[in-house]
Structures are given as structure tokens and as C-alpha cells.
Protein chains: 2
Amino acid sequence: MHNSYSYQALFRFTLNVFKKMGCNDTHADTATSVLLSADMRGIDSHGIARLSGYVRLWEAGRVNPVPDIRIVHETPSSAVVDGDKGLGLVVAHEAMKIAIKKAEAVGTGWVSVKNSNHFGIAGVHAMMALEKDMIGMAMTNASALVAPTFSAERMLGTNPIAVAIPAGKEQPFVADLATTTVANGKLEVASRKNEAIPEGWAQDKQGRPSEDPGCIKEGGALLPLGGDRMHGSHKGYALSSVVDIFSAVLSGASYGPWAPPFPAYIPMPENMPGEGLGHFLGAMRVDAFRSKESFFDNMDKWIDRFKNAKPAAGHDRVLIPGMPEMEKEAYHKMHGIPLLKPVVEDLNALAGKLGISCLP
Amino acid sequence: MHNSYSYQALFRFTLNVFKKMGCNDTHADTATSVLLSADMRGIDSHGIARLSGYVRLWEAGRVNPVPDIRIVHETPSSAVVDGDKGLGLVVAHEAMKIAIKKAEAVGTGWVSVKNSNHFGIAGVHAMMALEKDMIGMAMTNASALVAPTFSAERMLGTNPIAVAIPAGKEQPFVADLATTTVANGKLEVASRKNEAIPEGWAQDKQGRPSEDPGCIKEGGALLPLGGDRMHGSHKGYALSSVVDIFSAVLSGASYGPWAPPFPAYIPMPENMPGEGLGHFLGAMRVDAFRSKESFFDNMDKWIDRFKNAKPAAGHDRVLIPGMPEMEKEAYHKMHGIPLLKPVVEDLNALAGKLGISCLP
């Protein structure tokens, strides 16, 4: 069903694609490493499998490969960045650098971004703060696929929140979560297998609970984290809304049902109230709050205590957020990254179209 | 079953209690208005019904009525505040003032608090930012009642997150949510009625799903938002962890299973790694990102669009976070605040003990 490829092989291939789009060397390098971090961490849906989607956005004129990414408004601890229609993979990376620089100067830095595109996985941008002994945060809005509690209409994206927190001896804590019950990918898998989905994942066009994985394609919606009102979906809806507002209302991007779609074949929404997709990035120096040493000591103690919590019946360990992804990354470094056959075929077709070497 | 009392009557009563504890006039006033904001907003579990609980903490020597609340570490955009064992109601209020002051100076302000106690509802602290045209955030850790995904052990509190966002013509957006599926109060209600609870709310001592509302008292635990792994409980667990770390690891408060309990009869945890309970408060000036006018225009448009989303079958409107609480507040202003008979009896017994006037 799949072949495995070394990170280096996928890197060379992806770099060539971004260069063919017209990205300069630095941007192509950033876009490649941000995109492939998803594959490395086992979040296949957001990695190289999307590469041809980015290319189609460029072909449709929705991505500018040579963006002038710049600050358009700022204070010592905050900024709004205009991404100039660049690849979100690059724009968010540059915006996070600005957040980190501001945190170096005044303790914390917060950057809201407009006029951007899909930025890959949120976690990788948040994790940029770790090597500076900072806490990193990253959020983004996305095209509407999720219905608020009591709504039949899709109003929000899967709007992820990532928080990366450094530790001393222990591996860092990295939370990276869509504010829905599950990602759309899980419905696609169930659809291919012709399996029903659990209640709480999705609803039909009228807003009634649905166990049909195809309901999204027929005008249904994903549900906010919580699933239904009785299980707290109004909380997932509120969190997703905060991500939308911080990412897009604060920056001047397009929000709610007007967020631009990722698939290039879907027409852009009419009467968009802002420019492009929005992100929100934050960095907080650990020593803006207490000495690094005492923070790291206590963070190690926190992680150690939670790792050693008594497991529930039928389970053998309690996980720290980020642990499964870190384990996958180590595995993929050793054994390569497996790609499904349709993904390889899609990438080689892309190579043919762009006139670059196929995958080895 | 209940009588209604005017806000003024409850205010006078509560103020007298805090003064009897030895709070100065300013602190007694702050504690009273913060506590009663819960009753006004319809979150009965966190309001005057808890007053005798605060008194018992004071009697047990766990609350200092005359705290020296002070900054112990800071940068232009951040601070750690030592609450000196004060009432969280007062400490968090003072800490939020510091966050707001820093936001006035450098765009945003972030304050982590240690050595505090229960701070009432998170929303009221976040909402302090609104009148300054700022976005406010408030979080707190709390005594362990919640099991991480795959854990049989209680490791986290109900750890709420509140975000208050100002608008122009529209009412502000106010999200205020515990990072659990439901609050403990809902289990207590089911327990009194001898009703089973839905799956996804709680688990038993071994970490198995439970429909028994009494399972918490027998060593069980509440579940993180999501309920179980299949419905995203690892996301609720991650969010609750972030609240714990921002509130307590960043400040030097006690975290995880070592967070101090609210009921004074429960002994303090042994080997606490920090001082008291922790909070995290934030303020961001709207015009640290874009002009107030354009932010308010777009925030109004966001709210208006979501209010007018097509309702799901069987529902007549989509709510904006904070709307139900605002409607309750308006109702309580007009018609008074209803208190259950056992709450009134408890308060009048408290009045007798402290030698102050009973409720009218």
C-alpha cells in the first residue's frame, strides 16, 4: 500500500516544487521544512499530501510566491503582519520570528496576521519558541466546515490552537488541537471503508446528528469539540470563535463563513470582509515570569508527575501532549516516511507537470 | 423553593461578611462585587452560595484577609504577582489591573499569579478589560477533580478559560468555560434527583466510564472536554493542562494534583511544589493591532453574522458566547436574584456566627 521515503528525498522533491512556483531559496526552504514537519510528526493530512493543493492555489493566482511580508501596525509587544498573499507556511514562520523578537525585547510578543494562506500544522510554528526558552502559541482560521452549537450552517473552520512549552530534562509539552471533535480526515477514512461514524462527530444539512461519514459532502458540518450541547459543544464553539477573532478580526483577514477555502476549485466567498486567511502567533519568555531554572525544574516535575499518573483500566500509560508526535518523528527519522500510493502518484504527476524529477 | 433578593440586599450582606473577616473597605467591596457577579450572571455555583466556604478557609488560616499583593518579577509586558494568601476574588482583580496597565504602556499585559485562592468566575476578571477597549483573558487552576485521558487518577481542576472581546454596537463576546464536559454541579443535581448521567461526563475509580452521579464521591473523576478519546478528550486534557501550567508553573503556585482544595475540611496536599492556587490574566489593547473603529466594525459584523446563522432543526437561534449570561443579568437586575432555601439558611447561620444582620 505504501513506500517509505527518507526525509532528505522528500525535502529535495518539495524544495524543487516551491522553487518552480517562484519562491526564493529562503522561502522555498522554509515552506518545505514547515510542510514536511507534518509528515514527520505523523499528521499526514497536513503534509506533502497537500503539496499539489498549494500548487493549484498558486496556479489560480491565490498564492503570491514572492510576497512582501511586512508589519503594518505595531506596539512594543504586538504587531499586525500583512502576508501579501504569500504561502501561509512562510508567512506564519516570519510572523512568529517577529513575535519572538518582541518577546526578547519586552517579555512577550503577539502577532496577528492577515492576507495569508493555509499555514500547515499549528504546532510547528508554536515550537519555534522552544529553542529560545519561550512558550509559543499559534492559531489560524480556516474555511468554514464547522457548525456552531444550535446552527445548521457552517460558520467556522477547524481552527486549531497550538501551545508549546519548554522543559528542562523532559521533552517539551506540545499541544496542537483542532477545536472540533475530530478532523475531517477521519470522516474521509470512514467514508472509504463504508463505516458509520460515532454520534458527536458531524451533523446533516438540517443540523441533525448524523452517523453518515458522507454528510459533509451533502451540506452537513463537523461539530465543535464537545459534539453536542449536553457534552459541552458550546465550549468548543467558543474556543473556535476565539481563534477566528484573534486570527482574523484582530488582523483584518476574512473571518467566519468568509474565510477563503483551501481547494482552489471552490470559488472565493463573495463580499469578503477582510484580506485572505488569518493567523495569531504568540511568544512568552519563560524568564519574563520567573527564573529559567525554577521554571524548568517545575515543568520537569509537572511532566514527570503526569507521565506517572495511574492509568485507567485497560490502558498502560498516560500521555503528555506532544509525546505521540515526538515518538512518530523519531520513528520516521529512522525508518523513513511512508506515503500512500495515490499520494505518490499525485506527486509524480505534479513533477511531470512542473518538469522536475519524480520521487526516487 | 426560593426567595428573590435585590442585588443591593445581597451586596450589603456579603460586604459585612468580608468586613468581619478583616478585609479593608476596598478589598471587601471588590470581593463582594466579584463574588456576586456570578449570581447576577446565573452561575449560582460560584456566587453567594460559596460565601460560607470562603469564611471557612479564613477560619482555617488558609486565607489572609489583609494581603500584601505585590509584583515579584516583571518585564514591560509581563509580571508574576504574589497574592500573599489573599482572597482570589481580590488578588485576581488586582492582578488584572496590572495586566491592563502594562497593556496601556506596551500594547499587551500578561500576569501569572501565585499564592492565591479561588477567584470566583473567570469571566468577571476577563471582562475588566472591556471598558478599556481591550480583550481580556483569565484562567485559574483548581483542586484536582479531573482525570487526564487514559488516567484513573484525578490530576487537574476544572480549570476555566475566559476570553472577553469588546464590540461596537453589539454586546461584547464573553466566553467563560470550564475545560471539562460539565461542571461538578450538574452531577450534584443528578445525584439529588437519583438520575443517571450521560456517558462522557465522569468515570469511576478505575477509570471506567460511569453513569452514576455519585462516582466522584467514590474516587471517580470528571472528564476533560470531549469526554472520551474518540470524542477528543485528549484536547480538553491538553487545554486544561495549559491552564494549569500558565497559572501555576509559570508563577510558582502549586499545580496538578497538588493544587490546594477549596473545601477547608480537606487537608492540604503534602509536599506542595509551589505556593497556593495560581491564575493567569491577560489584556490586549484592540488598537495594539488595528484602529479601534475598524476592529469594532468588524467585530459587530462577526457577531451579527453568527447571530443570524441558520438555526439547526428544533432550535430557534444561534447564541453568541456570553449572551445567555447577559440575558440572565438583565433579568436579575429587574426581578432580583433567586436563592434556594438551603443557601438562605446557610447564609443566615453564617450571619448568626459572625454577629451580623441576617438577609432581609
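For segment A:254-284: of the residues being more than 30 Å from A:P166 (Cα to Cα) and hydrophobic (A, V, I, L, M, F, W, C), which is surrounded by the fewest Cβ atoms within 10 Å (Cβ to Cβ)?
By that ranking, first place goes to A:I266.
Just give me the residues in segment A:1-38 being of a type outside the set (S, T, N, Q), surrounded by fewer than 21 Cβ atoms within 10 Å (Cβ to Cβ) and in a helix (DSSP H, G or I), in sequence order.
A:Y7, A:A9, A:F11, A:R12, A:L15, A:K19, A:K20, A:D25, A:D29
Mind listing whichever residues of segment A:166-207 are on the phi > 0 side of the Ramachandran plot, more than 8 Å from every other protein chain (Cβ to nearest Cβ) and of a type in the set (G, A, S)? Give the steps one after another, and end with the answer.
Of segment A:166-207, the ones on the phi > 0 side of the Ramachandran plot are A:194, A:200, A:207.
From what is left, the residues that are more than 8 Å from every other protein chain (Cβ to nearest Cβ) are A:194.
Correct list: empty.
Scanning segment B:13-46 for residues that are touching a Ser or Thr at 6+ places or on another chain (Cβ under 8 Å) and not aliphatic (A, V, I, L, M), which turns out farthest from B:V90 (Cα to Cα)?
Step by step, filter segment B:13-46, then rank; the result is B:F13.
Give the residue that is farthest from the other protein chains (Cβ to nearest Cβ), with candidates limited to residues of segment A:76-133 that are hydroxyl-bearing (S, T, Y) and more than 27 Å from A:M326 (Cα to Cα).
This residue is A:S116.
Matching residues to (1) touching a Lys or Arg at 6+ places or on another chain (Cβ under 7 Å); (2) touching a residue at least 24 places away in the same chain (Cβ under 8 Å):
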{"position": "B:T14", "(1), (2)": "no, yes"}
{"position": "B:C23", "(1), (2)": "no, yes"}
{"position": "B:A49", "(1), (2)": "no, yes"}
{"position": "B:V63", "(1), (2)": "yes, yes"}
{"position": "B:H73", "(1), (2)": "yes, no"}
{"position": "B:V91", "(1), (2)": "no, yes"}
{"position": "B:A99", "(1), (2)": "no, yes"}
{"position": "B:A103", "(1), (2)": "yes, yes"}
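Determine which single condition B:V163 fails, assuming it passes every other condition in (1) surrounded by 24 or more Cβ atoms within 10 Å (Cβ to Cβ); (2) more than 10 Å from chain A (Cβ to nearest Cβ).
(2)
Out of A:R56, A:R62, which single residue is within 20 Å of the chain's Cα centre (by Cα) and assigned to a helix (DSSP H, G or I)?
Going through A:R56, A:R62 in turn, just one is within 20 Å of the chain's Cα centre (by Cα) and assigned to a helix (DSSP H, G or I): A:R56.
Tally time: how many residues in segment B:134-148 are closer than 20 Å to B:H46 by Cβ, surrounded by 24 or more Cβ atoms within 10 Å (Cβ to Cβ), within 14 Å of chain A (Cβ to nearest Cβ) and among the small types (G, A, S)?
First, the residues of segment B:134-148 that are closer than 20 Å to B:H46 by Cβ: B:136-146.
Filter once more, so that each one left must be surrounded by 24 or more Cβ atoms within 10 Å (Cβ to Cβ): B:136-142, B:146.
Those still in the list that are within 14 Å of chain A (Cβ to nearest Cβ) too: B:136-139, B:141, B:146.
Then drop every residue that is not among the small types (G, A, S), which leaves B:136, B:138.
Going through segment B:134-148 one residue at a time, the tally reaches 2.
Please indicate, with yes or no, whether at least one residue in segment B:186-204 is touching a Leu at 6+ places or on another chain (Cβ under 8 Å), in contact (Cβ under 8 Å) with a residue 40 or more places away in the chain and of a type in the set (A, V, I, L, M, F, W, C).
no
Would you kindly identify the helices (runs of 4 or more DSSP H) lying entirely within segment A:257-360 that contain at least 3 residues that are without any contact (Cβ under 8 Å) to a residue 40 or more places away in the chain and basic (K, R)?
Correct list: A:292-307.
Please enumerate the residues belonging to segment A:285-306 that are buried (at least 19 other Cβ atoms within 10 Å of the Cβ), more than 27 Å from the chain's Cα centre (by Cα) and not hydrophobic (A, V, I, L, M, F, W, C).
Listed by number, the residues that qualify are A:R290, A:N298, A:K301.
Which one of these is among the small types (G, A, S) and in contact with a Pro (Cβ under 7 Å, 6 or more places away or on another chain): A:A147, A:A105, A:A126, A:A99?
A:A105
Test B:S251 against the criterion of being of a type in the set (S, T, Y), at the interface with chain A (Cβ under 9 Å from one of its Cβ atoms) and either within 23 Å of B:S37 (Cβ to Cβ) or surrounded by fewer than 24 Cβ atoms within 10 Å (Cβ to Cβ) (or both), and give yes or no.
For B:S251, the condition - of a type in the set (S, T, Y), at the interface with chain A (Cβ under 9 Å from one of its Cβ atoms) and either within 23 Å of B:S37 (Cβ to Cβ) or surrounded by fewer than 24 Cβ atoms within 10 Å (Cβ to Cβ) (or both) - is not met.
Is there a residue in segment A:208-219 that is within 10 Å of another protein chain (Cβ to nearest Cβ) and either part of a helix (DSSP H, G or I) or buried (at least 24 other Cβ atoms within 10 Å of the Cβ) (or both)?
no
Computed from the coordinates by the stated procedures, all read-outs in this text should not be read as laboratory data. It should be emphasised that the depicted structure is a prediction, and the values quoted were computed from it without experimental measurement. Reconstructed Cβ throughout: ideal geometry from the backbone, glycine too, with neighbour counts over all protein chains shown.
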